[in-house]
Each structure stands twice: as structure tokens, then as C-alpha cells.
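The values are calculated or read from the model by the stated rules, or taken from the named source; none is laboratory data. Treat the numbers as computed from the prediction; the structure is a model and nothing was measured. Cβ coordinates were reconstructed from backbone atoms using ideal geometry, including for glycine residues, and neighbour counts include every protein chain displayed.
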Amino acid sequence: MRVLAAMSGGVDSAVATALAVDAGHDVTGVHLALSPDRQTLRSGARGCCSVEDAHDARRVADELGVPFYVWDLAERFTEDVVEDFVAEYAAGRTPNPCLRCNERIKFSAVLDRARALGFDAVVTGHHARLARGELRRSVDAAKDQSYVLAVLTADQLAGAVLPLGSMTKQRVREIATERGFAVATKADSHDICFIPDGDTRGFLARRLGAQPGPVVDAATGATVGEHAGAYGFTVGQRRGLGVAVGDSRPRYVLGIEPVTRTVTIGTADLAGVGEVRTARPTWTGTAPALPFAAEVQLRAHGTPVPCEVTAGDDGGLRLLLGAQQRGVAPGQSAVLYAPDAERGDLVLGQGAVLATA
Amino acid sequence: MSSSEAVYLDHAATTPMLPAVLAAMTGQLGRVGNASSLHASGRAARRVAEQSRERLAEALGARPSEVLFTGGGTESDNLAVKGLFWARRDADSHRRRIVVSPAEHHAVLDSVEWLAKHDGADVTWLPVEPTGRVTPEALHAALGTGEDVALVSVMWANNEIGTVSDLAALAGVAHDVGVPLHTDAVQAVGQVPVDFAASGVDALTMTGHKLGGPMGAGVLLLRREAECTPLLHGGGQERDVRSGTLDVAAIVGLQVATTLAVAERQERAARLAVLRDRLVAGVVAQVPDAQLNGAPLDDVVAGGPGRLPGNAHLSFPGAEGDALLMLLDARGVECSTGSACSAGVARPSHVLLATGADPDRARSSLRFSLGHTSTDADVDAVLDVIGPVVERARRAGMGRR
């Protein structure tokens, strides 16, 4: 196949590209410049697509003898990922920008362009297994990224090659070392690439300004404090609430109401939910017949729980959870898996969380 | 495709080293000697360096004392722009204005912008013709009385679109109001007639690797009476304007390349123009809406070519230059988008924008530049693939809606 390898400059995409070459594909490397104001040097484990990262990617491509280009997708990324992220928080939801980037940039803008230029697929260094159109968890549970790929449709998956799903992160680093890649020991990236200082609340405050509102105790209905912006909170959040309610029992964010900017908090017994309603789902393959039993993961790195998947309103889903869950935040993706201990859990699809009960 | 099979049409970026240059350099590389040393080895090195200086001066219409060896075109541009600015301003603090074309190479543009940001320079951007040419009338209008002007910098031939300006006329206009003029002639030397003395320019940048010499070796021709403050301080090897141990092997390579390029210029230019014209005609035949950027192919300025003979710069409406480049690269044709790259990110060409082209046209351009190894087969190779490549690039669009 003629494939386009998305090379961030990190060790995963470097090894994925090398494995694509080994597999006999005709590989071209491309580094995506996603930030409108690229920094010259990388700062620690955060941030992305600095000039230094592009250099790291180019070094690997040159060692592999594959053509390498930089594609400027800053405009698309800003519009489809960063602005979406801000708008979601402004609406009281908790978005996952990595998922959005896979959905709209890597396996949409990049894949579409690649196909138009004559490539068959896009190679990435994601830790997830993809074979015969089936998307499954990585063998490395700690590094599994199937959650942020679950939004891909069958057509998108048909244009994806994920060479790393069957190996651990440790093995990826070993391969990079064996091949003498300078990025073999490069730090993993963390957090949100477009918030290099890791201060999401500060980033949102700069974008959205002060939007003070009340913090209300769910048990009493009393206003127990004030916040500077509801976007600083996520459903299920426990720390940093900035209020004292009289007793010492921990409080959790139960809900965020964007119009009145009300953040509702409550004790653990009120924080659990047994039912999740989602927007219209996407499926990685043929849409399964409802209802059916599955496991659902409600946030990145969350623990999956059994559930019954039933029809909801307006083409959405209603998920009846097998056990009460805390911290199910609207805006996050409810990813459905078919458990399969041997081959890796199969990703069925996902729906964005709209509401819980 | 391996580079040995590649169709190399990026001679304006760099051109293959001439065999005579390689021989001269390897001969020198095996010899010890610092040209500043007083003993026999030093004297031998100095003799080679000074012979090279004399032959270069002769080839370029300059005096040997006007030849300053530098580390290349970028250094020569920096030295001329900053050195002339500092010297002129220090002599008269009112002279802070730099009159410059917006279509210059970044080595000039960024030097000027650095002086504006850090050293109090005022910048007057010259209007350029739609061809990219700077006219004497435009320079005259921009200079005014010239009393507040430190220097003028206008390139002899543009590196992207190949447009040649009349430097003798521009130098005359500058001198009428007592202002020195620098020209970046990196693309012009060996391509069009360049005579330093006859042109009257005060400082001229050239470099070796654009005409078959080594990289990292360049020249600033600086008139004897021109005051220029040094950038690099040290041993003062080059007229106390530039310091650093002379790289004798590179200098002899630069000299051999330049003298050959100048001696063979007329014959080669005629040959390249024929190839270039066939390339452009063939591309336009397959892609009828392709647009030639810069001056017409047969343009004439000051009795010489108005466009570099090896330059074909075309826009392909609806296609992105970087997609075209990638598709051609995959088919073994090496060319350039001709635009400045910011860490590999394609930007619309500042040169085309300066000529008044809209950003889409500026983004959709490709530069094919022919040189001494170019053949009919190279042109055929482009014409074999250009139609489908443009069609495919148009389908690909860009990551924009």
C-alpha cells in the first residue's frame, strides 16, 4: 500500500513508521503543524509540534529513507479542535480534544487529503489494534488509546494502519533503541497539546473571561460559595471546589448549568449515576441491533463497566449501567466494547454523553 | 526514487559542483597552511587565496581589494545591510532609513527588519512592478532628498521568479542623492551579465554554490570607498571588515566555479532559455490555466535578459504548491515551491504577494530552475507527469474547507 505516516516527532509514531516500512508499504512521512504559533524548542513533556518536534520526525524519516513533509493544519485544528474545546466547556460540558482531533483532523482532514493524493491509508502511532476492520484495545492496557479512536467510522478505519497495538510501550522504546532513533528516550507527551503549561482552567479563563456564578449544595439547595467560571469544573471533580459546607464529608461536582452558571455539588451518595443518555452514536462497523449487552468506558483511562445498551431519544442511546458510576461528565464519550480477553476488547462504537440519571 | 535517477530542476537552490571545482578543492584540501601565517606553508596558502581573489575580481569587474570572502550569501547580505547601515548612521545620525524591495531574499529582509526592531532603522518598502521589478522611478520617489537614507538594497535577480532589475540605473538614482546601494546578485552572477564597476553598485553579494562551487563560501564585493562596519570581529583578515581564517580550499573552489560560470555564461544561458521556454510551453499546453509568474520569457532589461534564463515559475490555480511538489517528488522530479519555508511549513510566497498576486496564486506556485546539467530529457520528464499531477493536486485541495 501507499501510506502516509503521521509523524509527531515522538517515539510511537517513529516506530510505527519504521514498522510500516518493514511491512513493505510505500511510506511517506508527514508532520502536522497544528499550532498557529509554533515554538522553536519543545518544553518538557507538554505542548506539540514545535520546530524541534518536526526536526525529530524528519530525522527518523531521513534515517528510514522516506520522503517527509510538514503539513500546516493549524487553521483546521484551531477551528475543529481548539474552538470546539472552548465551546464545549462554555456549554458546561467536558470535551476530549484528542478524540476530536482523531475524528476531524487525523482521520478526516489528513486522511481525505492523503486519499486524494493517491495514498491508501494513514499510519499513526496510536496504541490500539486494528485488523480486518476491527478496532481493539492495545495489549498494553496502561497505554491503550482505543478510547480516543472509538469515534472512527468503518470508512475511516479502512484508511487507518495502527502498527503498535500488539506491543507494549516498553517494546516500542526497545525497537527505537535498536534502530538508533534519537527519540527512543524522548518523554511521553501528556495532557492537552495546545495547553503547554497544563493549566486548563487558566487557558479557559483567558479565552472565556471571568463568568462568576454560584456553587449550590444539592442536599439543601443553598448557595455555599461562588466560582469564577463554571468552565473550571468537571462533573465528578472533588478537589479545588473552593467551598466549605460545614461537615467534612467530601463533595463532588454533580452538575454544571451554563446559563445560570450554577455548579451543583453533593456528597458521594448523590454522585453516582446508573443511567447514561448519549447523542446519536457512531459505530466502528455495522450498527448492532438494540438492545444488547456491552461494556462501557465513560472517560479516557476509566474502568469499563457492564451495561445494557438500549434505544434513547432522537437516535441516541440509553445505557443502563450494571453498577453506579461517579464522574460521568456530559461531553465525554461513552465508548462501548465487546469484552474479549484473548484478542483485546473490541470497540463497537461510541456516543457523546448528554445526560445522566 | 533514488537521487541518482532524479530529475533535478532546483538549480536555484543549489547546483551540482563542477568537476574542475572538485579537482581544485581536493588539491588544496590536502595542503597545510593558514593564509595569515608568515612561513612557507602560509605563503603558499595566501598565494592561492590571493590569486583566487584576483581572478574573481576580473570575472566580476571588480578590483581585487573589493573582494571580501565570506561564509556565503546570507553572511554577505547581513554584512552589507547591517554594516552599511551602522557606518552611515554613525557618520550622520539622521541617516536611519533603509529603502528596500519587499521581494528581497530573507537574508536581506530579516536583516532590515532586525535593524528596524533593535537598532532604530526606519524602513521604506519600494513598490515593485507586477513582474517583480524595481524601477528607477520608484526608487527616485522613495529616496526623496536622500538625506535621511542609510542605504538602498535591491536584488539583481529574484531567486523565486527570476526577474532582473536594471541595477546600473538604480545605482545611478541612489548616487544622485548620495546614497549607497547594495544588491544581492546571488542568482544573477553567471546567469546574466554582471559587471561590478560598470554597474556602479556599492556592495554586491554573491555565493559559490549557485554556480557549481562549494557551499559555505561567498563574496561581498565592496567598493573601496564604501564604509562598512564589521559583523565578525577578530583577525581582520578581509580588509578589517570581515574576520576569520580564510578557507582557501573553498575560496579556490568558488573562484574556479565563478570564472567558469562567467566565461560560459552566454552559451549556457542561450541553451537553458531554449529548454526553459519548451518547459513552460509544454506545461501550459497541458494545463492551459497555468500562469507564468514574473517577467515574460523574452523580457529585456537594460539590453540584457529581463528574466533569468533557467527560471520557470508557474502558478496552478486550485492546486497547492506543496501538494504539487510532493507528487512530483514521488515521481522523481525535484523542484521547489519557491516560497520561504518557516520550519518546513509552506507559506504563500512573499515575493508573489509583493508583486500583487493574491494569496491563493502565491500558494499554488512551483519553481523549476534549470542549470548546467539540465537536458531535454529533464524537460520531457516534467511534461510526462505534470498534467496528472496538477489534476490530482487539485482534487486534494488543502486542509481547508
Exercise. Taking only the stretch A:287-341 into account, find how many residues are hydroxyl-bearing (Ser, Thr, Tyr) and in contact (Cβ under 8 Å) with a residue 40 or more places away in the chain.
Key: 2
Quiz item: Do you know which residues across the stretch A:139-152 are touching a residue at least 40 places away in the same chain (Cβ under 8 Å) and farther than 19 Å from A:Trp283 by Cα?
Solution: A:Val139
Quiz item: Does the stretch B:317-331 include one or more residues that are away from every other protein chain (no Cβ under 13 Å) and closer than 30 Å to B:Glu264 by Cβ?
Solution: no
Self-check item: Within the stretch B:277-298, tally of residues that are under 19 Å from the mean Cα position of the chain (by Cα) and not aliphatic (A, V, I, L, M)
Solution: 2
Exercise. Taking B:Ala393 as the residue in question, decide whether it is away from chain A (no Cβ under 13 Å), at pLDDT 95 or above and crowded, with 24+ Cβ neighbours inside 10 Å.
Key: no
Practice problem: Considering only the stretch A:190-213, state which residues are in a loop (DSSP other than H, G, I, E, B) and surrounded by 19 or more Cβ atoms within 10 Å (Cβ to Cβ). | Solution: A:Ile192, A:Cys193, A:Phe194, A:Pro196
Quiz item: Looking at B:Pro127, is it within 19 Å of the chain's Cα centre (by Cα) and outside the structural domain of B:Ala295 (by TED's automatic domain parsing)?
Solution: no
Quiz item: How many residues, within the stretch B:1-55, are in contact with a Phe, Trp or Tyr (Cβ under 8 Å, 6 or more places away or on another chain) and part of a helix (DSSP H, G or I)?
Solution: 2
Exercise. Out of B:Gly371, B:Gly332, report the one residue that is closer than 20 Å to B:Ala281 by Cβ and out of contact with any Cys (no Cβ under 8 Å at 6 or more places or on another chain).
Key: B:Gly371
Quiz item: For B:Pro388, are the conditions met, namely being within 14 Å of chain A (Cβ to nearest Cβ) and closer than 30 Å to A:Ser50 by Cβ?
Solution: no
Quiz item: Which ones in the stretch B:43-60 are out of contact with any Pro (no Cβ under 6 Å at 6 or more places or on another chain), of a type outside the set (Lys, Arg) and within 21 Å of B:Thr70 (Cβ to Cβ)?
Solution: B:Ala45, B:Val48, B:Ala49, B:Glu50, B:Gln51, B:Ser52, B:Leu56, B:Glu58, B:Ala59, B:Leu60
Quiz item: Looking at A:Thr303, A:Thr264, A:Thr282, which one is outside the structural domain of A:Val148 (by TED's automatic domain parsing), among the β-branched types (Val, Ile, Thr), out of contact with any His (no Cβ under 7 Å at 6 or more places or on another chain) and exposed (fewer than 13 other Cβ atoms within 10 Å of the Cβ)?
Solution: A:Thr303
Quiz item: Among the residues of the stretch A:275-283, is any acidic (Asp, Glu) and in a strand (DSSP E or B)?
Solution: yes
Quiz prompt | Subset tally (residues that are touching a helix residue (DSSP H, G or I) at 6+ places or on another chain (Cβ under 6 Å) and farther than 17 Å from A:Val27 by Cβ) for the stretch A:57-72 | solution = 0
Practice problem: Could you tell me which of the residues B:Ala285, B:Ala281, B:Ala323 is outside the structural domain of B:Thr135 (by TED's automatic domain parsing), touching a residue at least 12 places away in the same chain (Cβ under 8 Å) and not in a loop (DSSP other than H, G, I, E, B)? | Solution: B:Ala323
Quiz item: How many of the residues in the stretch B:354-376 are free of Cβ contacts under 8 Å to residues at least 12 places away in the same chain and either outside any loop (DSSP other than H, G, I, E, B) or buried (at least 23 other Cβ atoms within 10 Å of the Cβ) (or both)?
Solution: 1
Quiz item: When you go through (1) in contact with a Pro (Cβ under 9 Å, 6 or more places away or on another chain); (2) surrounded by fewer than 24 Cβ atoms within 10 Å (Cβ to Cβ); (3) among the β-branched types (Val, Ile, Thr) one by one for B:Thr124, which number turns out not to apply?
Solution: (1)
Self-check item: Failed condition for A:Val27, given (1) within 14 Å of another protein chain (Cβ to nearest Cβ); (2) in a helix (DSSP H, G or I); (3) over 20 Å from A:Ala300 (Cβ atoms); (4) modelled with pLDDT of 95 or more
Solution: (2)
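Every residue, every condition in (1) at pLDDT 95 or above; (2) among the β-branched types (Val, Ile, Thr); (3) under 30 Å from B:Thr135 (Cα atoms); (4) buried (at least 24 other Cβ atoms within 10 Å of the Cβ), yes or no:
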site	(1), (2), (3), (4)
B:Ala168	yes, no, yes, no
B:Gly172	yes, no, yes, no
B:Val179	yes, yes, yes, yes
B:Ser243	yes, no, no, no
B:Arg268	yes, no, yes, no
Quiz item: Can you name every residue in the stretch B:288-329 that is within 30 Å of B:Arg265 (Cα to Cα), among the small types (Gly, Ala, Ser) and touching a Lys or Arg at 6+ places or on another chain (Cβ under 8 Å)?
Solution: B:Gly294, B:Ala295, B:Gly306, B:Gly310, B:Ala312, B:Ser315
Exercise. For the stretch A:70-86, indicate whether the set of residues that are in contact (Cβ under 8 Å) with a residue 40 or more places away in the chain, touching a Gly at 6+ places or on another chain (Cβ under 6 Å), at the interface with chain B (Cβ under 9 Å from one of its Cβ atoms) and crowded, with 23+ Cβ neighbours inside 10 Å is non-empty.
Key: yes
Quiz item: So which residues in the stretch A:118-138 are assigned to a loop (DSSP other than H, G, I, E, B) and at pLDDT 95 or above?
Solution: A:Gly118, A:Phe119, A:Asp120, A:Thr124, A:Gly125, A:His126, A:His127, A:Ser138
Quiz item: B:Ala295: more than 29 Å from A:Phe68 (Cα to Cα) and in a helix (DSSP H, G or I), yes or no?
Solution: no
Quiz item: Which strands (runs of 3 or more DSSP E) sit wholly inside the stretch B:86-166 and have at least 2 residues that are more than 17 Å from B:Met206 (Cα to Cα) and in contact (Cβ under 8 Å) with a residue 60 or more places away in the chain?
Solution: B:149-153
Practice problem: Could you check how many residues of the stretch A:87-107 are surrounded by fewer than 18 Cβ atoms within 10 Å (Cβ to Cβ) and either within 14 Å of chain B (Cβ to nearest Cβ) or outside any helix (DSSP H, G or I) (or both)? | Solution: 1
Practice problem: Scan the stretch A:51-69 residue by residue and report those that are under 22 Å from A:Gly198 (Cα atoms) and either more than 9 Å from every other protein chain (Cβ to nearest Cβ) or modelled with pLDDT of 95 or more (or both). | Solution: A:Glu52, A:Asp53
